[in-house]
Structure formats: structure tokens, C-alpha cells
Amino acid sequence: MLNRRLFIVLAASHVLAVAALAADAPLKALIVDGQNAHDWQATTPVLKEILEDSGLFTVDVATSPPRGEDMSGFKPDFAKYDVVVSNYQGAEWPEDTKQAILDYVRGGGGLVIYHFACAAFPNWPEWNEMIGLGGWGGRNEKHGPYARWKDGKVVLDHSPGRGGGHGPMQEFALDVRDPDHPITKGLPPRFAHVEDELYGWLRGPAKNLTVLATAFAPKEKGGADEHEPILFTVRYGKGRVFQNALGHLPEQLKSVAFIVTFQRGCEWAATGKVTQEVPDDFPGPDKPVVRD
């Protein structure tokens, strides 16, 4: 009887130990790059470092063939990862790769669209639905409405016109519009960001869209005089999609506003929750904060 009890105790201890190890296991992230009108060679290593510095992620990188070369062999194994970060804007992927990313997200995977990756695949309807809003690449009213923040809510504007644009580099502040979402919970109502491209005129299907934070893009600085969505999420099947429009080059990736929202957004996309505390150096409304 004693041996049997000892066996049960040891077995239970083993199960608890395995569960603890599983709970402590890092999340697996994949950054996809290789083609982009923005400098992906410079930004991908910084994105990788930011995620690893959180202590939550191990990070792999899948780099496509260069623009104009054969893409048929580009087949990342998305299913191995908790979250996929797109730093890609270029040629169409092979059909089975396109189907694989749709199946991955629909089945519960996480997808993060970083900055100019919102310009990818303008003529792929399922992708446009999955990312919610995009820009450039010939996008217009046929791709869906603009989404702006007015009178305390998202307003969809079906006016004709281009999709995607921005004025000159400028400092701006973000206003939190959903303070209860895991990504933005605990952040100040307004926080400052460094000189960056302030994206506007994003448009798309805007289905299952939750706007987390906006920035006002004044007309005198090349904007539309609208509160433009900068951080937002999309529910696609069982999956979670987060889009962060900040972060043009490595210099902008030093902004604490970017670092923290990117880390928190990737954790949410991977797990549906955020365990990270808001750091002491997170900026308030008046002055951006950078890390060396």
C-alpha cells in the first residue's frame, strides 16, 4: 500500500512538473520577410530582438526569395508557431502557402501586421478580410470603406478614393479608444510617439474590427483631419489578428510606444491575453520616450 501511495505521489509530482514546464515554455514567433518597399533587412532584426527581450518568445525568420524570383518553394510551416509577424509586402505567395496562412489563423493562430505589411496582397480578398484594413497597392473604395474614429465610435466611410497615405515624418500622440482590451489595458489614455509615418486613409472590409488606439492626422501635415486607426485587432475565425501601423525604420522602433504595443500585441495574438506589466518608462501624452 505504501509503495502504491508513493507511486501516486511521484506520478502526480511528475504531472505537475510537466505542466509547470509547459507553462514556462516560450511562445514561438515567426517573422516573415524578404520583399518589402520598406527596409525589411534593417527592421526584422530589431523586431526579433524586441520580442526576445520580452522574455516570452523565441523567434525564427522566414525570408522569401527576392522580388522577381521563383516563389513556388516559399512554404513556411506556420502551424509550428503561436504567432506569425508579417514584415512582408511583395509578390503573391504560392497558392498552398496562401491557403496555409488562412487555415492557420482561422484555426486559432495569431497574426501581427507590422507597418507597411498592411500594403501586401491588395487583390487577395481573404487576406484583406483577415487584416481588416490596408493601404496602397491600388486599394480604393472597391476594397472597402475607410475606418475613422468619430463621436466615440468607429465610423465607416464609403467615400471613393485611395487607400493608404501619410504626410511627412512627424511626432504624434496616440489616443486609447479601448482601455479594457488586454493590449491597451493599463496604458495611459494618451501617449506620445517619435517622428514617424502617420498612416491614414486605410480601408478594407473592416469586419470584426476593434480599434484600440488612433492618432489625429492634421491636414496641415499631410493628413485627412481625421482620427486614424493605428492599433487595431480583427477576429478571423478562431484566430486573432493585431495590426500596428507604427515603426518605419529602426530609429522609430526605439520608441517605447512602439516596443510595448508590439510586444503586448504579439502576446495577445499568440494567446488571447497579455501578462506583461506596463513599464515605468512608458510615455505620457507630451513627450516620446526612446530606448538605446
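Quick note: the coordinates plus some simple rules give every number you see, no bench work behind them. Remember, it's a predicted structure, so these values are computed and weren't measured experimentally. Don't worry about glycine lacking a Cβ; one is built from the backbone with ideal geometry, like all the others, and counts go over all protein chains shown.
Only counting other Cβ atoms within 10 Å, I'd like Lys28, Lys48, Lys80 sorted with the fewest neighbours first.
Values: Lys28 15, Lys48 19, Lys80 11.
Least to most surrounded, the residues fall as Lys80, Lys28, Lys48.
Can you check what the net charge comes to around Tyr81, using other residues whose Cβ is under 12 Å from the Cβ of Tyr81 (Lys, Arg +1; Asp, Glu -1)? Display every interim value, and only then the final one.
Values: positive: Lys28, Lys80; negative: Asp60, Asp77, Asp82.
Net of charged neighbours comes to -1.
Quick one: which of Lys185/Lys221; Lys48/Lys254; Lys48/Lys80; Lys28/Lys75; Lys153/Lys207; Lys153/Lys254 span more than 19 angstrom between C-alpha atoms?
Values: Lys185/Lys221 30 Å; Lys48/Lys254 13 Å; Lys48/Lys80 17 Å; Lys28/Lys75 17 Å; Lys153/Lys207 15 Å; Lys153/Lys254 31 Å.
Result: Lys185/Lys221; Lys153/Lys254 exceed 19 Å.
So how do Asp225, Asp196 line up by other beta-carbon neighbours within 10 Å, fewest first?
Ordered from fewest to most neighbouring Cβ atoms within 10 Å, Asp225, Asp196 come out as Asp225, Asp196.
So which DSSP H runs in the chain come out at 24 Å plus along the axis (Cα) with average Kyte-Doolittle of at least -1.0? Spell out each step's value before the answer.
Details: long enough: 2-24 (33 Å, 1.37).
Those that pass (Cα extent of 24 Å or more, hydropathy at least -1.0) are 2-24.
Compute the convex hull volume of the Cα atoms of the chain, divide it by the residue count, and report the result per residue in Å³ as a whole number.
Enclosed volume per residue, from the Cα hull, is 151 Å³.
Assign unit charges at the C-beta atoms only (+1 for Lys and Arg, -1 for Asp and Glu), then state the dipole size of segment 85-211 relative to its Cα centre in Debye, rounded to the nearest 20. Spell out each step's value before the answer.
Working: 13 positive and 16 negative charges, 72 e Å.
About 340 debye.
Out of all DSSP beta bridges with both ends in segment 2-271, state the antiparallel percent to the nearest 5. Provide the component values of the computation, followed by the final result.
On the way: 29 of 49 bridges.
So the antiparallel bridges amount to about 60 percent of the total.
Net charge near Val154: determine it from the other residues with C-beta under 15 Å of the C-beta of Val154, scoring Lys and Arg +1 and Asp and Glu -1. All intermediate terms of the calculation are to be shown ahead of the outcome.
Values: positive: Arg148, Lys150, Lys153, Arg177, Arg203, Lys207, Arg235; negative: Asp151, Asp157, Asp175, Asp178, Glu226, Glu228.
Its environment carries a net charge of +1.
With the Cα gyration tensor of segment 80-122 giving a ≥ b ≥ c as the square roots of its eigenvalues, does the rule (a/c under 1.5 for rounded; else a/b larger than b/c for prolate; else oblate) give rounded, prolate or oblate? Write out the running numbers ahead of the final one.
On the way: a/c = 2.26, a/b = 1.23, b/c = 1.83.
Oblate, because a/c is 1.5 or more while a/b does not exceed b/c.
How far, in nm, would the chain grow between Glu92 and Thr58 when pulled straight, counting 0.36 nm per residue and subtracting the alpha carbon separation? Display every interim value, and only then the final one.
Details: separation 34, 0.36 × 34 = 12.24 nm, distance 2.71 nm.
Gain on extension, Glu92 to Thr58, equals 9.5 nm.
Counting helices only, and only those DSSP H runs with n ≥ 4, report the 222 nm mean residue ellipticity of the chain as the sum of -39,500 (n - 2.57) divided by its residues, in deg cm²/dmol to the nearest 500.
Values: 5 runs with 72 residues, N = 292.
For the chain, the value works out to -8000 deg cm²/dmol.
Spin-label point model (7 Å from Cα, Cβ direction): what's the Leu156 to Lys207 distance in nm?
1.0
Could you list His166, His193 so that the one with the fewest beta carbons within 10 Å of its beta carbon is first and the one with the most is last? Show your work: numbers first, answer last.
On the way: His166 20, His193 24.
Final ranking by Cβ density, sparse to dense: His166, His193.
So for segment 202-292, what are the equivalent ellipsoid semi-axes in whole Å, largest first, each being the square root of 5 times an eigenvalue of the Cα gyration tensor?
Working: eigenvalues 99, 87, 22 Å².
The answer is 22, 21, 11 Å, longest axis first.
Please give me the summed charge of the neighbours of Ser72: other residues whose Cβ is under 15 Å from its Cβ, Lys and Arg +1, Asp and Glu -1. Please report the intermediate quantities before stating the final value.
On the way: positive: Arg67, Lys75, Lys98; negative: Glu69, Asp70, Glu92, Glu95, Asp96.
Net charge around Ser72: -2.
Which value in nm describes the separation of the simple spin-label points at Lys221 and Lys28, placed 7 Å from the Cα toward the beta carbon?
Using points 7 Å along Cα→Cβ, the separation is 4.2 nm.
Give, rounded to the nearest 20 debye, the magnitude of the charge dipole that the chain has about its Cα centre when Lys and Arg contribute +1 at Cβ and Asp and Glu contribute -1 at Cβ. Walk me through the numbers on the way to the answer.
Working: 30 positive and 38 negative charges, 214 e Å.
Charge dipole, the chain, about its Cα centre: 1020 debye, nearest 20.
How do the peptides 83-93, 136-146, 60-70, 229-239 rank, highest first, by the average count of neighbouring beta carbon atoms within 10 Å per residue?
Values: 83-93: 23.7, 136-146: 17.4, 60-70: 14.2, 229-239: 22.0.
Per-residue mean Cβ counts within 10 Å order the peptides as 83-93, 229-239, 136-146, 60-70.
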